[in-house]
Amino acid sequence: MRLLARLPLGDDWRYGDRVVLVGVPSAVDEESSASYASYLERQGIYAVLSYPRISLLRRNAGSPLLALLYDLRSLALATVRQLWPQPESALMAGILLGYDRDLPPQVTEAFQQTGTAHIIAISGFNISILAGLFVRGFGRFTRRWIAVVLALLSISFYTLLVGAQPSVVRAAIMGAVGLFGPLLGRRQVGANSLAFVAALMCLFNPTLPWDISFQLSFSGTLGLVLFADRCSRSRRTLSI
């Protein structure tokens with residue numbers, strides 16, 4: 001069973017720290033709204049520990065690979081903050097790294113009111129750009145199938161780097177299907193690919209259909225698959 005611990009701000013805790021927490025846990029439904037409690041339970045979290053006494057036992061006790069990913073993400077985030085001022089740096093961090101905690105409240109509210117909050121979320125658009133860049137870049141130096149494999153590895157690394165949220169994983173798997181399809185002589189059909197990816201993800205995590213990120217990503221992609229071409233043809237007809 002997992003436990004959600006709330007700690008004071010300002011302490012230098014990082015992935016891989018092994019600590020001792022001393023406090024009195026409470027049930028999730030006692031501290032949270034019903035929807036948030038349901039969300040935590042789907043993550044296997046059934047208890048909350050607020051501001052316990054904490055002492056460090058050991059550093060670097062986690063996976064070296066995950067530690068490397070977290071360090072690289074921190075380095076990338078620091079680089080973005082150095083290159084651009086606020087709020088531009090916060091916007092770029094959201095678009096490139098899926099990190100939206102730096103966005104000022106008024107900017108976040110503006111995105112929500114205009115229905116454009118998806119711009120600062122990692123999605124299929126990001127994965128498509130990366131897939132095209134990697135395939136073209138690697139394709140200059142090696143065979144196409146090797147370039148596709150290297151592109152797939154690069155996309156997998158990027159997915160882990162930005163946090164592997166359900167929407168990102170969905171986009172990455174669909175990107176992989178789109179890359180390998182032409183090599184096998186198969187034409188990708190959007191609805192079939194989306195259904196396959198959704199079934200595959202739910203096979204490994206049966207609680208995904210109740211995850212709001214998965215719901216929005218799946219619904220948005222389904223809408224594009226079913227209606228994007230029709231809307232585009234209708235617009236061309238009206239312009240003529």
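First compute the accessible area of the chain with a 1.4 Å probe, then give the percent of it belonging to carbon and sulfur atoms. Carbon and sulfur atoms account for 61 percent of the accessible area of the chain. Here the peptides 154-167, 8-21, 192-205 are ranked by packing, the mean other Cβ count within 10 Å, and the order with the highest first is 154-167, 192-205, 8-21. By the helix-only formula, in which each DSSP H run with n ≥ 4 contributes -39500 (n - 2.57) and the sum is divided by residues, the chain has a 222 nm mean residue ellipticity of -20000 deg cm²/dmol. Once the other residues with Cβ under 13 Å from the Cβ of P166 are scored (Lys, Arg +1; Asp, Glu -1), what is the net sum? With Lys, Arg at +1 and Asp, Glu at -1, the neighbours total +1. Residue order by solvent-accessible surface for M92, M174 is M92, M174, largest first, with ligands and nucleic acids left out and a 1.4 Å probe. Probing with 1.4 Å while keeping every protein chain in the model, the per residue accessible area of the chain equals 67 Å². Using the Cβ atoms and a cut-off under 13 Å, what net charge is assigned to the surroundings of S89, where Lys and Arg are +1 and Asp and Glu are -1? For residues surrounding S89, the net value is -1. R58 sits with roughly 120 Å² accessible to a 1.4 Å probe, with DNA, RNA and ligands left out of the calculation. What net charge is computed for the residues neighbouring I54, neighbours being all others with C-beta under 15 Å from the C-beta of I54, Lys and Arg scored +1, Asp and Glu -1? In short, +3.
Between A147, A110, A121, the Gaussian network model of the chain with springs among Cα atoms under 10 angstrom shows the greatest mean-square fluctuation at A110. Ranking of F227, F180 by solvent-accessible surface, largest first: F227, F180 (1.4 Å probe, protein heavy atoms only, all chains present).
Between helix 144-161 and the chain there is an angle of about 30 degrees, using the helix long axis and the longest principal axis of the Cα atoms. The simple Förster model, with R0 at 30 Å and r as the Cβ-Cβ distance, assigns L216 and R6 a FRET efficiency of 0.65.
The values are calculated or read from the model by the stated rules, or taken from the named source; none is laboratory data. What you are looking at is a predicted structure, and each value in this text was computed from that prediction instead of being measured. Backbone-built Cβ (ideal geometry, glycine too); neighbour counts: all protein chains shown. Keep in mind that these areas ignore ligands, DNA and RNA; they rest on the heavy atoms of the full protein, side chains included. Shrake-Rupley method; radii C 1.70, N 1.55, O 1.52, S 1.80 Å.
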